Amino acid sequence: METTDAFVGLECVDCGSTVDADVEGHQCPDCGGILDPNYDYDAVDLDRESLASRPFDSMWRYEELLPFTRESAVTMDEGTTPLVDCPKLADEMGVERVLIKDEGRNPTGTFKDRGQTLAVTAAVQHGATDVALASAGNAGQAAAAYAGRAGLESHVYLPSRSGFTNKAMVNVHGGDMNVVGGRIGDAGAAFEEGLAEHDDWYPLQTFVTPYRHEGKKTMFYEIAEQLEWELPDVISYPTGGGVGLVGMYKAAREFRELGLTDDLPAFYAAQATGCAPVVEAFEKGRDVHEPVENPDTICGGIEIPDPGASPWILEALRETDGGAVATDDTEILDAAIQVAQHEGLEMAPTCAAAASGVWELSERGEFDGDETVVIVNTGTGNKEADVLRSHLMSQGI
Ligand SMILES: Cc1ncc(COP(=O)(O)O)c(C=O)c1O
Ligand SMILES: [Zn+2]
């Protein structure tokens, strides 16, 4: 495999067992836990100046902190998205500064591209011919795109309620699309059946491949550099499985370990009240979530009733003095409209939970007024223009 110098292999986040990255098996052989790429940080030679001298052209500019070389990457120059100042939101939310990390500018319109560039690169390195996953929609679209680029077949399982753009684009990228009646759990069950029947399928499933959260950690590296190393006080993230959140938490600790930063920002998990297992566990002081029996939110990307990485998500929130906040679908859709009308940025409903959550925190009096807040807009609003437009119709507009 074409791995980078400091990458030493995979480590189980639950029991600490180590696994060679050459081994294709993707979960801890001892306990079934999540595997996490591990590095010898003493072997990483990165400082602020050398980073500043590199072009801001792709998330692969942080190659030393990724498992595979940039040369070997299946990439479309994803990442390096803008961090856009939103002064009107700062006023409205009663804080010093609000910035939106606009992941909608990625090749397939969401931050899922950061996970798929790495996971599909790993699939190629492992000699895969076929990749497969279940997804609420955006990850499936991204996987089909990267698989197409790499010349792999993709098998994508989407729930019937996922958006038209996602379904259409899986087809456009040449993926084998399986629309499954029901919700993400039903798509997951159909994917498991497919996987059991095809031992040559390489899973790109969240936290089954160790590389999706690893790719997403680059969002934090970019935020730190874009703010010229003055870390934000708060990062608000629309949390489903928490892949991006634990990725950024890992990244924040890596930069501190490397001496590039001194601190960690407070991470906040934003969810929808119709499916808020992380918020519930956080508020009850639990170390693990309880699955939501009847999830129901219009925000498909965060309608994840049983997030397997919840202990890791909760650690990230508590270790950084962050928190968790849920708002309802109407507030979330209102937030998307307000951001679009006041700042011009287009947020999909799922993503607008992160903005709505900050409004809620502000109303609860959680801020002093001098904070810098980053809201992660995980995906572009125009993928779900129909949902946003019909919210206006419900208001007679
Ligand atoms: C646009 C968008 N935002 C957020 C999420 C949730 O991501 P995570 O698993 O990192 O919590 C998804 C997942 O499907 C998504 O599509
Ligand atoms: Zn283990």
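How far apart, in nm, are two points set 7 Å out from the Cα along the Cα-to-Cβ line at residue 193 and at residue 2?
In this crude spin-label approximation the distance works out to 3.9 nm.
Which residue, 83, 65, 118, tops the fluctuation ranking in a GNM of the chain built on C-alpha contacts under 10 Å?
Result: 83 has the largest fluctuation of those listed.
Could you size up the charge dipole of the chain around its Cα centre, putting +1 on the beta carbon of Lys and Arg and -1 on that of Asp and Glu, and report it in debye to the nearest 20?
1100 debye
Report the full-extension gain for the segment residue 91 to residue 370: residue separation times 0.36 nm, less the Cα-Cα distance, to one decimal in nm.
Gain in length upon complete extension: 99.3 nm.
Highest GNM mean-square fluctuation, the chain, Cα pairs closer than 10 Å: which of 385, 353, 145?
The residue with the greatest mean-square fluctuation here is 385.
Say the dipole of region 1-134 comes from +1 at the beta carbon of Lys and Arg and -1 at that of Asp and Glu; which of 106, 120, 51 then lies farthest toward its positive end?
So the residue we want is 106.
For region 56-83 and region 130-206, what is the separation of their C-alpha centers, rounded to whole Å?
So the two Cα centres are separated by 24 Å.
Pick from 75, 165, 108 the residue whose mean-square fluctuation is largest in a GNM of the chain, springs joining Cα atoms under 10 Å.
165
Roughly how many Å² is the accessible area per residue of region 112-203, as a whole number, for a 1.4 Å probe?
With the other protein chains kept in place, region 112-203 gives 36 Å² per residue.
If I take every Cα pair under 8 Å that is 6 or more residues apart in the chain, average their sequence separation and divide by the length, what percent do I get for the relative contact order?
17 percent
For region 112-203, which whole-number percentage of the solvent-accessible area (1.4 Å probe, protein heavy atoms only) is attributable to carbon and sulfur atoms?
Summing carbon and sulfur atoms, their accessible area is 48 percent of the total for region 112-203.
Could you give the length gained on full extension between residue 30 and residue 57, defined as 0.36 nm per residue of separation minus the Cα-Cα distance, in nm?
Length gained between residue 30 and residue 57: 5.8 nm.
Among 17, 160, what's the order by accessible area (1.4 angstrom probe), most exposed first?
160, 17
What is the set of long-range amide H partners of residue 231 at a cut-off below 5 Å, with H atoms built 1.01 Å from backbone N?
Here nothing satisfies the definition.
Find the accessible area per residue for region 255-394; the probe is 1.4 Å, ligands and nucleic acids are left out, and the unit is Å².
Per-residue value: 40 Å².
Can you give me the distance in nm between label points at residue 228 and residue 286, each placed 7 Å from the Cα along the Cα-to-Cβ direction?
4.5 nm
The values are calculated or read from the model by the stated rules, or taken from the named source; none is laboratory data. It should be emphasised that the depicted structure is a prediction, and the values quoted were computed from it without experimental measurement. Neighbour counts are summed over all protein chains in view; Cβ atoms, including those assigned to glycine, are modelled from backbone coordinates with ideal geometry. What goes into the accessible areas is simple: the full protein's heavy atoms, side chains included, and nothing from ligands, DNA or RNA. Shrake-Rupley method; radii C 1.70, N 1.55, O 1.52, S 1.80 Å.
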